[in-house]
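Before any comments, here is the structure.
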Amino acid sequence: MTDRADVVVVGGGPAGSWAARSAAQAGASVMVFEKDREIGLPVRCAEGVSSRGLEGLVTVRPSWIAREVRGAKLVAPDGTVVTACPGDTGTVLHRKVFDADLAAMAAEAGAVFLTKACVTGLLRENGAVSGVRVEHLGRIFDVAAKIVIGADGVESAVGRWAGLDTRTPPEFIASCAQATVAGLDPDPELAEFHFGSAVAPGGYAWVFPKGGRTANVGLGVPEAACRVRKPVDLLKDFLERRCPGASVLTWIAGGVPLCPPRGDIVADGLILVGDAAHQASPLTGGGILNALIAGRLAGETAAGCVRRGDVSKKALGAYVKAWMKAEGENIERDFRIKKVVYGLSDEELNGVARTLSAIPEEKRTAAEIFKAGLFKHPKLAFEMFRSFF
Amino acid sequence: MKQNVRYRISAAACDFCGVCVAVCPAGAIELKESSVRVLDELCVGCGDCAVMCPLGVPVREEAE
């Protein structure tokens, strides 16, 4: 392993691998350091994505797909069930396989990966980031880089080391717990979203089917709920209620940044991407597709800046501009809707569900749901209106 | 650090998910693949780690 590369990527998740791949494809020499021993593990994710969204970004391999769902089932606090099939199917991924394949695709393009390699600090030269310090199997060594891409997740240290304020304050993060369960009866066919103060106060619980009577069952809640009851305890209650007797194959904890769009994600010689750059949707918490979009933009920008010999914050700003152009408005909109939806009382949520269930299922398109909301729930409708028009 | 207040994170109970690191205003939590510790000299004693941890692992300790 050499001690220098054009681009060093910290973190081998989807954002890191996709940034590495596009930088390597554009001609840069790339190294990726992953702190865990295996790419793709542990799976700290509910694994659901829009099928169409994924297909638009990468050639989907069948081995990535645990199960496709044709729609969603929304469950209100009083048990009212509304099914919605918006026309797009959802894909529940095998993240372990997906992440490993993205890394292999990046390696195929020329990126060099090293796992169980923990980046413990940044190298600096005249104030600019100029490399990383790596701890690997008890050995500590430095790797010089023209650009460091921090794809080190919600717990990102890379940005903070570079002087960016990457803290995710409690009001901008959902605290989550998830179990992968087996023995569900019947095998769930739709993605489920459960709302209400008894299940997930100020957030939601999910059941994402993985096929063969297994599913990811989890929930995420905000600070106020965490002060009363821990997500892991809320999840135990939900499992007891939703799938009593089912076996738990995996427990996992995690956090999802739910932030307004942020632009301070570059510094001299440094780019942040994925959860480290708070790029997940603040409404759903979904971050995989945005990680791929931003990863590609980051890798392309990095390779171009290396080629032109200008890795200043100003030059890397092209990445920020491209990211904002691609997703800035969506994130802004999701952030506004989030504030309304997760602020609804149980009564208001029940009211929304009753309104929606009065619309015939085949007519439950986004437009009809919107019209119903507009009529019955002015607070929600007002925000949605501002969001979409 | 606030006087006489410290936070402890038990590696045995921790899932290493990084929520505490994400919310810490002081960069006082060091997380590796399977180790975690609070750097007392940086900790400001705010307790955000304990509030937001999905598992409730960080605990407050008050010295005499």
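Read the figures in this text as sums done on the coordinates, not as results from a lab. It should be emphasised that the depicted structure is a prediction, and the values quoted were computed from it without experimental measurement. Here the Cβ is made from the backbone with ideal geometry for all residues, glycine too, and neighbour counts use every protein chain on show.
Here are a few things to note about the model shown:
- Helix A:95-108 and the long axis of chain A differ in direction by around 30°, with both axes built from C-alpha atoms.
- A simple count of charges around A:H94, restricted to other residues whose Cβ falls under 13 Å of its Cβ and scoring Lys, Arg +1 and Asp, Glu -1, yields +1.
- A full extension of the chain between A:T83 and A:R124 corresponds to an added length of 9.4 nm, given 0.36 nm per residue minus the alpha carbon distance.
- Contact order relative to length of region B:5-62, as percent, for alpha carbon pairs under 8 angstrom and 6 or more apart: 47 percent
- Note that the protein assembly as shown, at 4 °C in a medium of 1.567 mPa s, gets a Stokes-Einstein diffusion coefficient of 57 µm²/s from its Kirkwood radius over C-alpha pairs.
- Per-residue mean of C-beta atoms belonging to partner chains within 10 Å, peptide A:158-170: 3
- Whole-Å distance, taken between Cα centres, linking region A:88-128 and region A:179-221: 28 Å
- Look at the dipole of the protein assembly as shown built from charges on Cβ: of A:V228, A:G127, A:S156, the Cα furthest out on the positive end belongs to A:G127.
- Residue order, fewest to most surrounding Cβ atoms within 10 angstrom, among B:C46, B:C20, A:C243: B:C46, A:C243, B:C20
- Folded to 0 to 90 degrees: helix A:346-357 orientation relative to chain A principal axis, Cα: 80 degrees
- Using the Cβ-Cβ distance between A:L114 and B:E30 with R0 set to 25 Å, the FRET efficiency works out to roughly 0.75.
- This ranking places A:L289, B:L42, A:L297 by how few other beta-carbon atoms lie within 10 Å of each, fewest first, which gives B:L42, A:L289, A:L297.
- For region A:193-314: rounded, prolate or oblate by the Cα gyration tensor [a/c cutoff 1.5]: prolate
- Span from the region A:277-292 Cα centroid across to the region A:10-39 one, whole angstrom: 18 Å
- Summarising the strand pairing of chain A, around 75 percent of its internal DSSP beta bridges are antiparallel.
- Prolate/oblate/rounded call for region B:5-62, Cα gyration tensor, a/c under 1.5 rounded: rounded
- Every helix of 4 or more DSSP H residues in chain A counts as -39500 (n - 2.57), and over all residues that averages to -10000 deg cm²/dmol at 222 nm.
- Residue order for A:V181, A:V30, fewest other beta carbons within 10 angstrom first, comes to A:V181, A:V30.
- Working from Cα pairs under 8 Å separated by at least six residues, relative contact order for chain A is 21 percent.
- Rounded tilt (10° steps) of A:329-341 against the dominant C-alpha axis of chain A: 40 degrees
- A cut-off under 13 angstrom between Cβ atoms defines the neighbours of B:C53, and their net charge, with Lys, Arg +1 and Asp, Glu -1, is 0.
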